Amino acid sequence: MGAQLRVYKRRIQAVTATKKITKAMEMIAASRIVKAQRKVAASMPYATELTRAVTAVATGSSAKHPLTTEAEAPTRAAVLLVTSDRGLAGGYSSNAIKAAERLRERLAAEGKEVDTYIVGRKGVAYYGFRERKVEEFWTGFTDNPAYSDAKRIAAPLIEAIQKETAAGGVDELHIVFTEFVSMMTQNAVDDRMLPLSLDEVAEESTRKGEILPLFEFEPSAEDVLDALLPRYVESRIYNALLQAAASEHAARRRAMKSATDNAGDLIKSLSRLANAARQAEITQEISEIVGGASALADATAGSDK
């Protein structure tokens, strides 16, 4: 019985140590969410106004440009998948990967080949384990991305969209990331970055009661679009990275809170079992003492006779 009690005590100590770690990770993730949210909010106005500027230029000219012009028969698409570098975040990365798989199947059904680009070690590990081809990948910054990271990611994607398909280029750019809705809700979404859908942007502006600005192009609309292309792609990727980082922290905080609560419940359960084992041990000792005393009394009574 004593050995069983020692086992329970060791398990309680181990679970208590785990609970301290998960609680600390929960608090760290919670503290980082606020900072990540502020970055998302700060990046939104620039991305919104840049999209409106691109739309205004495109609608005000007849220039054909990869930023706004649909290919007549698109045959190749690039997909950028944003996952995390670290685990312990529940289904954060797996949900993004599933969304990318659904997008891949949809593009394949449309007769398009897919070039995959990945951000985060989890996505790289997933594709590496399945021996799937990845054009390029980036790791080491998913929980705190900088604009320089977005520029590094955007460079090969911009190069691909500007090339002819026959020369290894692509007709479309898609991004899959986790959109931050609230502390409790984060949704894995896929979004087409290029070509920009002018009808959708115009419809969104009309719904919000906004009027697209009018511009004069100097020296030409094509040159303006050439200048806006890298900035547009970089801003969209940067905003997606920031939303993904906020979602990762929120998912990790929720996962660590669940782990902490489960550890607390397990400690209570083990404590009850340990108390029951201790009580049984005490009861057994008392029974042995009473039995020994009774035997001694019987022996004494027998010798008196």
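Looking at (1) over 20 Å from the mean Cα position of the chain (by Cα); (2) closer than 17 Å to residue 233 by Cα; (3) at pLDDT 90 or above; (4) surrounded by fewer than 20 Cβ atoms within 10 Å (Cβ to Cβ), can you tell me which one residue 149 breaks?
(1)
Can you go through 83, 75, 51 and tell me which one is out of contact with any strand residue (DSSP E or B) (no Cβ under 8 Å at 6 or more places or on another chain) and β-branched (Val, Ile, Thr)? Spell out the reasoning first.
Values: 83 fails: out of contact with any strand residue (DSSP E or B) (no Cβ under 8 Å at 6 or more places or on another chain); 75 fails: out of contact with any strand residue (DSSP E or B) (no Cβ under 8 Å at 6 or more places or on another chain).
Checking each option against the conditions leaves just 51.
Looking at the range 152-168 only, could you name the residues that are among the hydrophobic types (A, V, I, L, M, F, W, C) and exposed (fewer than 15 other Cβ atoms within 10 Å of the Cβ)?
Within the range 152-168, 155, 166, 167 qualify.
Just checking, does the range 169-181 include any residue being open to solvent by 30 Å² or more (accessible area, probe 1.4 Å), under 19 Å from residue 233 (Cα atoms) and assigned to a helix (DSSP H, G or I)?
No; the residues of the range 169-181 include none that is open to solvent by 30 Å² or more (accessible area, probe 1.4 Å), under 19 Å from residue 233 (Cα atoms) and assigned to a helix (DSSP H, G or I).
Being out of contact with any Ser or Thr (no Cβ under 7 Å at 6 or more places or on another chain) and not in a loop (DSSP other than H, G, I, E, B) is the filter here, so list the residues in the range 64-81 that pass it.
Scanning the range 64-81 gives 77, 78, 80.
Restrict the check to the range 227-235 and report whether at least one residue is assigned to a loop (DSSP other than H, G, I, E, B), polar (S, T, N, Q) and either modelled with pLDDT of 70 or more or surrounded by fewer than 19 Cβ atoms within 10 Å (Cβ to Cβ) (or both).
Of the range 227-235, the ones assigned to a loop (DSSP other than H, G, I, E, B) are none.
There is no residue in the range 227-235 that is assigned to a loop (DSSP other than H, G, I, E, B), polar (S, T, N, Q) and either modelled with pLDDT of 70 or more or surrounded by fewer than 19 Cβ atoms within 10 Å (Cβ to Cβ) (or both).
Just give me the residues in the range 41-71 being open to solvent by less than 20 Å² (accessible area, probe 1.4 Å) and at pLDDT 85 or above, in sequence order.
43
Give me the residue from the range 96-146 that is acidic (Asp, Glu), part of a loop (DSSP other than H, G, I, E, B) and over 16 Å from the mean Cα position of the chain (by Cα) and, out of that set, surrounded by the most Cβ atoms within 10 Å (Cβ to Cβ).
Ranking the qualifying residues of the range 96-146, first place goes to 135.
With 22, 51, 18, 83 as the choices, which residue is among the polar types (S, T, N, Q) and touching a Leu at 6+ places or on another chain (Cβ under 8 Å)? Can you show your working first?
On the way: 22 fails: touching a Leu at 6+ places or on another chain (Cβ under 8 Å); 18 fails: touching a Leu at 6+ places or on another chain (Cβ under 8 Å); 83 fails: touching a Leu at 6+ places or on another chain (Cβ under 8 Å).
Within the list 22, 51, 18, 83, the selection yields 51.
The values are calculated or read from the model by the stated rules, or taken from the named source; none is laboratory data. All values derive from a computational prediction rather than experimental measurement. Using ideal geometry, Cβ is built from the backbone for each residue, glycine included, and neighbour counts are taken over all protein chains shown. Side chains included, ligands, DNA and RNA excluded: accessible areas come from the protein's heavy atoms. Shrake-Rupley method; radii C 1.70, N 1.55, O 1.52, S 1.80 Å.
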